[in-house]
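The block underneath contains the structure these notes are about, expressed in C-alpha coordinates.
The values are calculated or read from the model by the stated rules, or taken from the named source; none is laboratory data. These numbers come from a predicted model, not from an experiment. Methodologically, a virtual Cβ is constructed for each residue, glycine included, from the backbone with ideal geometry; neighbour enumeration extends over all protein chains shown. All accessible areas refer to the heavy atoms of the entire protein, side chains included, with ligands and DNA or RNA removed. Shrake-Rupley method; radii C 1.70, N 1.55, O 1.52, S 1.80 Å.
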Amino acid sequence: MRPDPLFALISAALLIFSAQGQPEAQGSKSLTELLNDAKGGTTKATNNDNILEQNIQDIFGPKPDTGSGTSTSSPNIQTNVGTGSGQCECVPYYNCINGSINTNGEGIIDIRLNDGPCSSYLEVCCEKKATVKEPITPAPPPEKPTGCGYRHPEGVGFRITGDKEQEAQFGEFPWMVAVLREETVEGNSNALNVYQCGGAIVHPRVVVTAAHCVAGKKKTFKVRAGEWDTQHTQEIFPHQDRMVQRVVVHPQYYAGALYNDIALLLLESPLAIADNVEPICLPPQGVVPDSATCYATGWGKDVFGQRGKYQVILKKIDLPLVPNDKCQELLRTTRLGKFFELHNSFVCAGGQPGKDTCKGDGGSPLVCPIAGQRGDRYYQVGIVAWGIGCGENQTPGVYVNVALFRDWIDQQMQSFNLDTSSYKY
(Lines give C-alpha, C1' and ligand atoms only; values in the text may rest on other atoms or scores of the structure.)
Protein backbone atom coordinates (compact mmCIF):
# COMPACT_ATOMS: atom_id res chain seq x y z
CA MET A 1 0.00 0.00 0.00
CA ARG A 2 2.69 2.50 -0.61
CA PRO A 3 1.98 6.18 -0.46
CA ASP A 4 1.27 8.77 -2.89
CA PRO A 5 1.42 12.41 -1.92
CA LEU A 6 -1.66 13.64 -0.44
CA PHE A 7 -1.34 16.62 -2.65
CA ALA A 8 -2.97 14.65 -5.47
CA LEU A 9 -6.72 14.18 -5.57
CA ILE A 10 -8.21 10.83 -4.87
CA SER A 11 -11.04 11.58 -7.16
CA ALA A 12 -8.72 11.35 -10.17
CA ALA A 13 -8.27 7.66 -9.45
CA LEU A 14 -11.51 6.41 -11.02
CA LEU A 15 -11.09 3.11 -9.18
CA ILE A 16 -14.40 1.27 -9.49
CA PHE A 17 -15.48 -1.03 -6.72
CA SER A 18 -17.10 -3.89 -8.61
CA ALA A 19 -19.86 -5.63 -6.70
CA GLN A 20 -21.65 -7.92 -9.07
CA GLY A 21 -24.06 -10.30 -7.46
CA GLN A 22 -25.15 -8.07 -4.57
CA PRO A 23 -28.32 -5.97 -4.74
CA GLU A 24 -26.85 -2.73 -3.52
CA ALA A 25 -24.16 -2.71 -6.17
CA GLN A 26 -26.15 -3.10 -9.37
CA GLY A 27 -24.68 -1.10 -12.23
CA SER A 28 -21.07 -1.28 -11.04
CA LYS A 29 -18.47 -1.79 -13.75
CA SER A 30 -14.84 -2.70 -13.89
CA LEU A 31 -12.27 0.06 -14.27
CA THR A 32 -11.51 -1.08 -17.83
CA GLU A 33 -15.19 -0.93 -18.82
CA LEU A 34 -15.55 2.52 -17.30
CA LEU A 35 -12.55 3.85 -19.16
CA ASN A 36 -13.85 2.41 -22.41
CA ASP A 37 -17.26 4.00 -21.82
CA ALA A 38 -15.67 7.31 -20.98
CA LYS A 39 -13.52 7.14 -24.14
CA GLY A 40 -10.43 8.19 -22.30
CA GLY A 41 -12.08 10.91 -20.24
CA THR A 42 -10.68 11.80 -16.82
CA THR A 43 -12.20 13.27 -13.70
CA LYS A 44 -11.21 16.89 -13.13
CA ALA A 45 -10.08 18.01 -9.67
CA THR A 46 -11.67 21.03 -8.03
CA ASN A 47 -9.62 24.21 -7.51
CA ASN A 48 -9.56 23.99 -3.72
CA ASP A 49 -8.17 20.47 -3.79
CA ASN A 50 -5.21 21.55 -5.94
CA ILE A 51 -4.31 24.83 -4.21
CA LEU A 52 -1.70 23.40 -1.84
CA GLU A 53 -0.03 21.21 -4.44
CA GLN A 54 0.00 23.98 -7.06
CA ASN A 55 1.57 26.42 -4.61
CA ILE A 56 4.31 23.97 -3.75
CA GLN A 57 4.98 23.18 -7.41
CA ASP A 58 5.12 26.89 -8.26
CA ILE A 59 7.81 27.45 -5.62
CA PHE A 60 9.76 24.22 -5.63
CA GLY A 61 8.97 22.68 -9.00
CA PRO A 62 6.99 19.54 -9.83
CA LYS A 63 7.25 16.37 -7.81
CA PRO A 64 9.45 13.60 -9.22
CA ASP A 65 7.44 10.86 -10.88
CA THR A 66 9.31 8.02 -9.25
CA GLY A 67 8.61 5.73 -6.33
CA SER A 68 10.90 4.37 -3.67
CA GLY A 69 11.45 0.77 -2.79
CA THR A 70 10.26 -2.17 -4.79
CA SER A 71 7.03 -1.82 -6.72
CA THR A 72 4.22 -4.05 -5.59
CA SER A 73 1.23 -5.25 -7.55
CA SER A 74 -2.03 -7.02 -6.99
CA PRO A 75 -1.73 -10.69 -6.02
CA ASN A 76 -1.81 -13.38 -8.68
CA ILE A 77 -5.20 -14.52 -7.52
CA GLN A 78 -6.26 -18.05 -8.35
CA THR A 79 -8.42 -20.68 -6.76
CA ASN A 80 -8.73 -23.52 -4.29
CA VAL A 81 -9.81 -26.97 -5.41
CA GLY A 82 -11.90 -29.46 -3.49
CA THR A 83 -10.43 -32.82 -2.60
CA GLY A 84 -13.32 -34.96 -3.80
CA SER A 85 -13.45 -36.91 -7.05
CA GLY A 86 -15.95 -36.89 -9.90
CA GLN A 87 -17.92 -33.97 -11.26
CA CYS A 88 -17.94 -30.76 -9.26
CA GLU A 89 -19.09 -27.18 -9.53
CA CYS A 90 -17.54 -23.95 -8.31
CA VAL A 91 -19.31 -22.60 -5.22
CA PRO A 92 -18.33 -20.16 -2.45
CA TYR A 93 -16.07 -21.89 0.04
CA TYR A 94 -18.75 -21.71 2.76
CA ASN A 95 -21.26 -23.69 0.65
CA CYS A 96 -19.13 -26.83 0.48
CA ILE A 97 -19.07 -29.42 3.25
CA ASN A 98 -15.74 -30.95 2.25
CA GLY A 99 -12.73 -29.73 0.30
CA SER A 100 -10.27 -27.21 1.67
CA ILE A 101 -12.46 -25.81 4.47
CA ASN A 102 -13.63 -26.94 7.86
CA THR A 103 -17.25 -27.83 8.52
CA ASN A 104 -17.71 -24.78 10.77
CA GLY A 105 -17.25 -22.46 7.81
CA GLU A 106 -13.73 -21.36 8.63
CA GLY A 107 -10.86 -22.16 6.33
CA ILE A 108 -7.41 -21.21 5.18
CA ILE A 109 -7.39 -19.69 1.71
CA ASP A 110 -4.24 -19.05 -0.29
CA ILE A 111 -4.76 -15.89 -2.32
CA ARG A 112 -1.67 -16.46 -4.43
CA LEU A 113 -0.57 -20.01 -5.12
CA ASN A 114 -3.53 -22.31 -5.68
CA ASP A 115 -4.59 -23.52 -9.13
CA GLY A 116 -7.94 -24.81 -10.25
CA PRO A 117 -10.98 -24.39 -12.51
CA CYS A 118 -12.86 -21.77 -10.48
CA SER A 119 -12.76 -18.11 -11.41
CA SER A 120 -12.35 -16.85 -7.85
CA TYR A 121 -9.92 -17.87 -5.13
CA LEU A 122 -12.89 -17.64 -2.75
CA GLU A 123 -14.59 -20.54 -4.54
CA VAL A 124 -13.94 -24.27 -4.35
CA CYS A 125 -14.76 -27.03 -6.79
CA CYS A 126 -17.32 -28.97 -4.78
CA GLU A 127 -19.00 -32.29 -5.51
CA LYS A 128 -22.75 -31.96 -5.93
CA LYS A 129 -23.53 -34.16 -2.92
CA ALA A 130 -21.32 -31.96 -0.72
CA THR A 131 -22.86 -28.66 -1.84
CA VAL A 132 -25.28 -26.92 0.53
CA LYS A 133 -27.50 -23.91 -0.15
CA GLU A 134 -27.26 -22.27 3.27
CA PRO A 135 -23.82 -20.88 4.15
CA ILE A 136 -21.83 -22.83 6.72
CA THR A 137 -21.19 -19.93 9.11
CA PRO A 138 -18.37 -19.99 11.63
CA ALA A 139 -19.28 -20.17 15.29
CA PRO A 140 -18.47 -16.98 17.22
CA PRO A 141 -15.60 -17.20 19.70
CA PRO A 142 -16.78 -18.11 23.22
CA GLU A 143 -15.60 -14.83 24.74
CA LYS A 144 -15.84 -12.32 21.93
CA PRO A 145 -15.18 -8.80 23.24
CA THR A 146 -17.80 -6.15 22.58
CA GLY A 147 -17.27 -2.47 21.94
CA CYS A 148 -15.25 -0.31 19.60
CA GLY A 149 -11.76 -0.75 18.26
CA TYR A 150 -11.21 -4.51 18.28
CA ARG A 151 -8.94 -5.69 15.50
CA HIS A 152 -9.26 -9.26 14.15
CA PRO A 153 -5.66 -10.21 13.28
CA GLU A 154 -6.66 -13.77 12.26
CA GLY A 155 -9.49 -12.55 10.04
CA VAL A 156 -13.21 -13.31 10.14
CA GLY A 157 -14.67 -16.52 8.71
CA PHE A 158 -11.43 -17.50 6.96
CA ARG A 159 -7.74 -16.77 7.10
CA ILE A 160 -5.63 -15.98 4.07
CA THR A 161 -2.12 -17.15 3.33
CA GLY A 162 0.11 -15.95 0.51
CA ASP A 163 -0.25 -12.40 1.85
CA LYS A 164 3.22 -11.20 0.87
CA GLU A 165 2.30 -7.64 -0.05
CA GLN A 166 0.78 -6.41 3.20
CA GLU A 167 -2.74 -7.62 2.47
CA ALA A 168 -5.06 -7.33 5.48
CA GLN A 169 -7.07 -10.30 6.63
CA PHE A 170 -10.77 -10.22 5.81
CA GLY A 171 -12.48 -8.26 8.61
CA GLU A 172 -9.17 -7.48 10.33
CA PHE A 173 -9.99 -3.75 10.47
CA PRO A 174 -13.81 -3.77 10.67
CA TRP A 175 -14.08 0.03 10.95
CA MET A 176 -12.52 0.63 7.52
CA VAL A 177 -14.87 1.94 4.82
CA ALA A 178 -14.64 3.11 1.24
CA VAL A 179 -16.21 6.47 0.44
CA LEU A 180 -17.68 6.27 -3.07
CA ARG A 181 -19.18 8.90 -5.30
CA GLU A 182 -21.80 8.24 -7.92
CA GLU A 183 -20.85 9.21 -11.46
CA THR A 184 -22.59 8.89 -14.78
CA VAL A 185 -20.90 8.42 -18.13
CA GLU A 186 -22.43 9.59 -21.39
CA GLY A 187 -24.23 6.73 -23.06
CA ASN A 188 -24.54 4.73 -19.84
CA SER A 189 -27.76 5.07 -17.85
CA ASN A 190 -26.39 3.25 -14.80
CA ALA A 191 -24.65 5.14 -12.01
CA LEU A 192 -21.04 4.13 -11.44
CA ASN A 193 -19.50 3.79 -7.99
CA VAL A 194 -16.16 5.61 -8.14
CA TYR A 195 -13.69 5.27 -5.26
CA GLN A 196 -13.15 8.65 -3.62
CA CYS A 197 -11.44 8.12 -0.26
CA GLY A 198 -11.17 5.97 2.81
CA GLY A 199 -12.96 6.53 6.09
CA ALA A 200 -13.69 4.97 9.47
CA ILE A 201 -16.90 4.05 11.27
CA VAL A 202 -17.37 5.78 14.62
CA HIS A 203 -21.12 5.10 14.91
CA PRO A 204 -23.54 2.99 12.84
CA ARG A 205 -24.67 6.25 11.22
CA VAL A 206 -21.43 8.26 11.21
CA VAL A 207 -18.14 7.94 9.32
CA VAL A 208 -15.11 10.17 9.86
CA THR A 209 -12.96 11.08 6.85
CA ALA A 210 -10.75 13.89 5.53
CA ALA A 211 -12.41 17.16 4.58
CA HIS A 212 -10.39 17.38 1.36
CA CYS A 213 -12.19 14.27 0.13
CA VAL A 214 -15.68 15.75 0.26
CA ALA A 215 -15.53 19.54 0.77
CA GLY A 216 -16.93 21.63 -2.07
CA LYS A 217 -17.89 18.63 -4.18
CA LYS A 218 -21.47 18.63 -5.42
CA LYS A 219 -21.60 14.87 -5.61
CA THR A 220 -23.76 12.08 -4.28
CA PHE A 221 -21.69 10.02 -1.86
CA LYS A 222 -22.17 6.57 -0.44
CA VAL A 223 -20.20 4.56 2.10
CA ARG A 224 -19.27 0.93 1.63
CA ALA A 225 -18.52 -0.88 4.90
CA GLY A 226 -17.19 -4.40 5.29
CA GLU A 227 -15.36 -4.23 1.95
CA TRP A 228 -12.11 -6.17 1.51
CA ASP A 229 -11.50 -7.50 -2.01
CA THR A 230 -13.04 -4.97 -4.38
CA GLN A 231 -13.27 -7.46 -7.25
CA HIS A 232 -15.09 -10.30 -5.48
CA THR A 233 -18.29 -10.69 -3.47
CA GLN A 234 -17.93 -14.29 -2.25
CA GLU A 235 -16.92 -13.39 1.30
CA ILE A 236 -19.16 -14.99 3.91
CA PHE A 237 -20.13 -11.59 5.37
CA PRO A 238 -21.23 -9.16 2.63
CA HIS A 239 -20.32 -5.51 2.38
CA GLN A 240 -22.95 -2.90 3.22
CA ASP A 241 -23.71 0.25 1.22
CA ARG A 242 -25.33 3.32 2.74
CA MET A 243 -26.08 6.66 1.13
CA VAL A 244 -24.64 9.77 2.77
CA GLN A 245 -27.40 12.06 4.00
CA ARG A 246 -25.23 14.96 5.13
CA VAL A 247 -21.58 16.04 4.91
CA VAL A 248 -20.27 18.11 7.84
CA VAL A 249 -16.88 19.74 7.20
CA HIS A 250 -14.97 21.34 10.06
CA PRO A 251 -15.72 25.09 10.00
CA GLN A 252 -11.99 25.97 10.17
CA TYR A 253 -10.93 23.68 7.34
CA TYR A 254 -8.43 25.48 5.11
CA ALA A 255 -8.05 23.85 1.71
CA GLY A 256 -4.88 25.79 0.85
CA ALA A 257 -2.76 23.99 3.45
CA LEU A 258 -5.25 21.32 4.59
CA TYR A 259 -5.48 22.65 8.15
CA ASN A 260 -8.28 21.08 10.23
CA ASP A 261 -8.82 18.51 7.48
CA ILE A 262 -11.68 16.54 9.02
CA ALA A 263 -15.29 15.84 8.06
CA LEU A 264 -18.16 13.67 9.27
CA LEU A 265 -20.55 11.77 7.02
CA LEU A 266 -24.04 11.23 8.39
CA LEU A 267 -25.61 8.15 6.77
CA GLU A 268 -29.26 7.92 5.72
CA SER A 269 -29.68 4.65 7.63
CA PRO A 270 -27.52 2.84 10.21
CA LEU A 271 -25.05 0.16 9.32
CA ALA A 272 -25.76 -3.29 10.71
CA ILE A 273 -22.99 -4.13 13.15
CA ALA A 274 -21.36 -7.42 12.11
CA ASP A 275 -18.03 -9.18 12.49
CA ASN A 276 -16.67 -7.20 9.54
CA VAL A 277 -18.49 -3.93 10.34
CA GLU A 278 -17.66 -2.37 13.71
CA PRO A 279 -16.72 1.14 14.95
CA ILE A 280 -13.27 2.38 15.89
CA CYS A 281 -12.64 4.05 19.27
CA LEU A 282 -11.65 7.71 19.51
CA PRO A 283 -9.05 9.17 21.89
CA PRO A 284 -9.99 11.77 24.52
CA GLN A 285 -9.57 15.42 23.60
CA GLY A 286 -5.88 16.28 23.12
CA VAL A 287 -4.53 12.80 23.92
CA VAL A 288 -1.88 11.67 21.42
CA PRO A 289 0.45 8.77 22.31
CA ASP A 290 4.09 9.75 22.79
CA SER A 291 5.17 6.75 20.77
CA ALA A 292 3.45 3.73 19.29
CA THR A 293 3.49 1.38 16.33
CA CYS A 294 0.23 2.01 14.51
CA TYR A 295 -1.59 0.75 11.42
CA ALA A 296 -2.81 2.60 8.37
CA THR A 297 -5.12 0.85 5.90
CA GLY A 298 -6.40 1.59 2.43
CA TRP A 299 -6.81 0.65 -1.22
CA GLY A 300 -4.42 3.36 -2.42
CA LYS A 301 -1.45 3.15 -4.76
CA ASP A 302 1.54 0.93 -4.05
CA VAL A 303 4.11 3.46 -5.31
CA PHE A 304 4.13 7.13 -6.24
CA GLY A 305 3.60 8.23 -9.84
CA GLN A 306 2.30 6.59 -12.98
CA ARG A 307 3.88 3.25 -12.11
CA GLY A 308 1.68 2.97 -9.03
CA LYS A 309 -1.36 0.70 -9.04
CA TYR A 310 -4.46 0.93 -6.90
CA GLN A 311 -4.98 -2.10 -4.72
CA VAL A 312 -7.64 -4.77 -5.11
CA ILE A 313 -7.37 -6.22 -1.60
CA LEU A 314 -7.29 -3.91 1.42
CA LYS A 315 -3.68 -3.29 2.48
CA LYS A 316 -2.24 -2.53 5.91
CA ILE A 317 1.01 -0.88 6.86
CA ASP A 318 2.61 -0.61 10.31
CA LEU A 319 4.02 2.83 11.02
CA PRO A 320 5.71 4.40 14.04
CA LEU A 321 4.43 7.72 15.33
CA VAL A 322 6.87 10.61 14.89
CA PRO A 323 6.80 13.53 17.37
CA ASN A 324 5.73 16.77 15.73
CA ASP A 325 8.99 18.62 16.42
CA LYS A 326 10.98 15.81 14.81
CA CYS A 327 8.50 15.62 11.94
CA GLN A 328 8.81 19.34 11.25
CA GLU A 329 12.59 19.05 11.24
CA LEU A 330 12.47 16.20 8.71
CA LEU A 331 9.92 17.91 6.47
CA ARG A 332 12.12 21.03 6.34
CA THR A 333 14.75 18.95 4.54
CA THR A 334 12.28 18.40 1.67
CA ARG A 335 11.12 20.90 -0.94
CA LEU A 336 8.92 22.47 1.75
CA GLY A 337 12.07 24.32 2.88
CA LYS A 338 13.65 25.39 6.15
CA PHE A 339 10.84 27.77 7.15
CA PHE A 340 8.02 25.22 7.00
CA GLU A 341 5.89 25.07 10.16
CA LEU A 342 3.80 22.00 10.94
CA HIS A 343 0.31 23.01 12.00
CA ASN A 344 -1.04 21.67 15.30
CA SER A 345 -3.94 20.00 13.48
CA PHE A 346 -1.50 17.36 12.20
CA VAL A 347 0.37 14.37 13.58
CA CYS A 348 3.05 12.38 11.77
CA ALA A 349 3.90 8.73 11.26
CA GLY A 350 6.30 6.69 9.16
CA GLY A 351 9.50 7.90 7.54
CA GLN A 352 10.77 4.42 6.77
CA PRO A 353 11.69 3.68 3.14
CA GLY A 354 8.94 1.95 1.19
CA LYS A 355 6.38 2.15 4.00
CA ASP A 356 3.78 4.89 3.84
CA THR A 357 0.26 5.80 2.78
CA CYS A 358 -0.23 7.07 -0.76
CA LYS A 359 -2.61 8.42 -3.37
CA GLY A 360 -6.07 6.98 -2.86
CA ASP A 361 -5.50 6.52 0.87
CA GLY A 362 -6.73 10.01 1.81
CA GLY A 363 -9.36 9.95 4.54
CA SER A 364 -8.27 6.50 5.72
CA PRO A 365 -7.64 5.91 9.42
CA LEU A 366 -4.35 5.66 11.29
CA VAL A 367 -5.08 3.57 14.38
CA CYS A 368 -2.86 2.92 17.39
CA PRO A 369 -3.13 0.39 20.26
CA ILE A 370 -4.88 1.63 23.39
CA ALA A 371 -2.48 1.37 26.31
CA GLY A 372 -3.70 -0.77 29.20
CA GLN A 373 -6.47 -2.46 27.20
CA ARG A 374 -6.70 -6.23 26.83
CA GLY A 375 -6.66 -7.74 23.35
CA ASP A 376 -6.03 -6.05 20.04
CA ARG A 377 -7.89 -2.82 20.80
CA TYR A 378 -7.20 0.41 18.94
CA TYR A 379 -8.26 4.03 18.69
CA GLN A 380 -8.01 6.39 15.74
CA VAL A 381 -5.10 8.78 16.15
CA GLY A 382 -4.95 10.09 12.59
CA ILE A 383 -6.58 10.50 9.19
CA VAL A 384 -4.46 10.24 6.04
CA ALA A 385 -3.98 13.84 4.89
CA TRP A 386 -0.82 14.54 2.85
CA GLY A 387 2.83 13.79 2.31
CA ILE A 388 5.90 14.48 0.17
CA GLY A 389 6.31 11.56 -2.19
CA CYS A 390 5.49 8.06 -0.98
CA GLY A 391 7.53 5.94 1.36
CA GLU A 392 10.71 8.00 1.09
CA ASN A 393 13.41 7.58 3.72
CA GLN A 394 13.19 10.05 6.62
CA THR A 395 10.04 11.70 5.24
CA PRO A 396 7.04 10.98 7.50
CA GLY A 397 3.49 11.07 6.26
CA VAL A 398 1.18 13.74 7.68
CA TYR A 399 -2.16 12.85 9.28
CA VAL A 400 -5.06 14.76 10.80
CA ASN A 401 -4.72 15.00 14.59
CA VAL A 402 -8.02 13.33 15.49
CA ALA A 403 -7.62 13.96 19.25
CA LEU A 404 -7.67 17.71 18.60
CA PHE A 405 -11.21 17.36 17.27
CA ARG A 406 -12.78 14.99 19.81
CA ASP A 407 -14.87 17.74 21.43
CA TRP A 408 -16.06 18.92 18.00
CA ILE A 409 -17.04 15.36 17.05
CA ASP A 410 -19.00 15.00 20.30
CA GLN A 411 -20.83 18.26 19.59
CA GLN A 412 -21.77 17.12 16.08
CA MET A 413 -23.01 13.79 17.40
CA GLN A 414 -25.25 15.61 19.85
CA SER A 415 -26.60 17.76 17.02
CA PHE A 416 -27.45 14.52 15.17
CA ASN A 417 -29.19 13.23 18.34
CA LEU A 418 -26.80 10.28 18.37
CA ASP A 419 -25.15 8.54 21.31
CA THR A 420 -21.39 9.04 21.70
CA SER A 421 -20.83 5.75 23.54
CA SER A 422 -20.15 3.90 20.28
CA TYR A 423 -16.56 5.19 20.15
CA LYS A 424 -15.80 5.30 23.90
CA TYR A 425 -13.61 2.67 25.55
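Residues whose amide H falls under 5 Å from that of CYS197, counting only those 5 or more places apart or on a different chain, are VAL179, with hydrogens built in the peptide plane. Once the chain from LYS424 to GLU143 is taken as fully extended at 0.36 nm per residue, the excess over their C-alpha distance is 99.1 nm. Distance between the modelled labels on TYR254 and THR131, one decimal in nanometres: 6.2 nm (7 Å Cα→Cβ projection). Rounded to 0.05, the FRET efficiency of the THR293 and ASP410 pair, given R0 = 35 Å and the Cβ-Cβ distance, is 0.80.
Running Debye on region 242-302 with equal point scatterers at the Cα sites and no solvent, what base-10 log of I(q)/I(0) appears at q = 0.18 Å⁻¹? Relative scattering, expressed as log10 I(q)/I(0), comes to -1.18.
Each label was represented as a point 7 Å from its Cα along the Cα-to-Cβ direction; for GLN245 and ILE97 these points are 4.6 nm apart. For the cross-link pairs LYS315/LYS424; LYS316/LYS424; LYS217/LYS424; LYS133/LYS424, the ones whose C-alpha atoms lie over 29 Å apart are LYS217/LYS424; LYS133/LYS424.
Extension gain for the segment ALA371 to GLU186, taken as residue separation times 0.36 nm less the Cα-Cα distance, is 61.4 nm to one decimal. Amide H contacts for THR420 (H built 1.01 Å from N in the peptide plane; partners 5 or more residues away or on another chain; cut-off under 5 Å): none found.
Taking all protein chains as they are arranged and a probe of 1.4 Å, the heavy atoms of SER119 leave approximately 110 Å² accessible to solvent.
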